[in-house]
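So the structure is just underneath, and the comments pick up after that.
We did not get these values from a lab; they are worked out from the coordinates using the rules stated. Since we're looking at a predicted model, the values are computed, not measured. So basically every Cβ, Gly included, is an ideal-geometry build from the backbone, and we count neighbours across all protein chains shown.
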Amino acid sequence: MTDLTVLAVAARAGDAELGMGMRLRWYADRGAAVHVHCLAGEPDADWRAVLVHLGLKDYTFSGVPRGFARCRGLINAELFRVVPALRPDVVYGVFPGHHDQDRRIAGDETEVVALREARDLRSFRCGTADGFRPNLFFLGDDELMGARRRALAALGRDADESPARVAHREHVHHRVVERLAAHDAFAEMFTISRAIEGRAR
């Protein structure tokens, strides 16, 4: 996996960490080049600390003002600037059914660009969303959750861990949950829009 490039596109800082902080650290621990790109501008909090906590290669911003509905053209242009330059193998975007309009638009526009520019496209949830039916479950332990917790704290975001402890149980049968390892106490959930597999990536 050392040659894998992963890009997570978020509406604002903290969204990717909340939705897939453990997954980001897991990729980085295995030598992948992991990038997070936020469509909105830099937060006041210490986003640079997130690079260390999650092992990211880069954390970038487009500076799009809040109220993405009037900025769709700019968002599309920014993503067509960022994504082809990185040539990511895997792109993660916000699940398009998100209740927050800016996050929903971020997910929609990420999908449009990533379907043309990346092999794999997946979505993460960072809050309430309609129609979210995950088909990829990433299980994490205390160490991965600790990295996620520290990243969110650096951004001044709430690190409520209860959804990561229980939300997957809504989608996975209890008999399967019973067979999961005790140390895999947390889960992050994703939908796979496209996955292209083969010997060479």
Worksheet item: When the stretch 19-33 is examined, which residues are found to be among the aliphatic types (A, V, I, L, M) and more than 17 Å from residue 123 (Cβ to Cβ)?
Response: 28, 32, 33
Discussion item. Given the criteria touching a residue at least 24 places away in the same chain (Cβ under 8 Å), farther than 18 Å from residue 195 by Cα and surrounded by 14 or more Cβ atoms within 10 Å (Cβ to Cβ), does residue 90 qualify?
Written reply: no
Fill in: Meets criteria (without any contact (Cβ under 8 Å) to a residue 40 or more places away in the chain and in contact with a His (Cβ under 7 Å, 6 or more places away or on another chain)) for residue 77
no
Practice prompt. Among the candidates 24, 86, single out the residue that is in contact with a strand residue (DSSP E or B) (Cβ under 6 Å, 6 or more places away or on another chain) and more than 24 Å from residue 143 (Cβ to Cβ).
Written response: 86
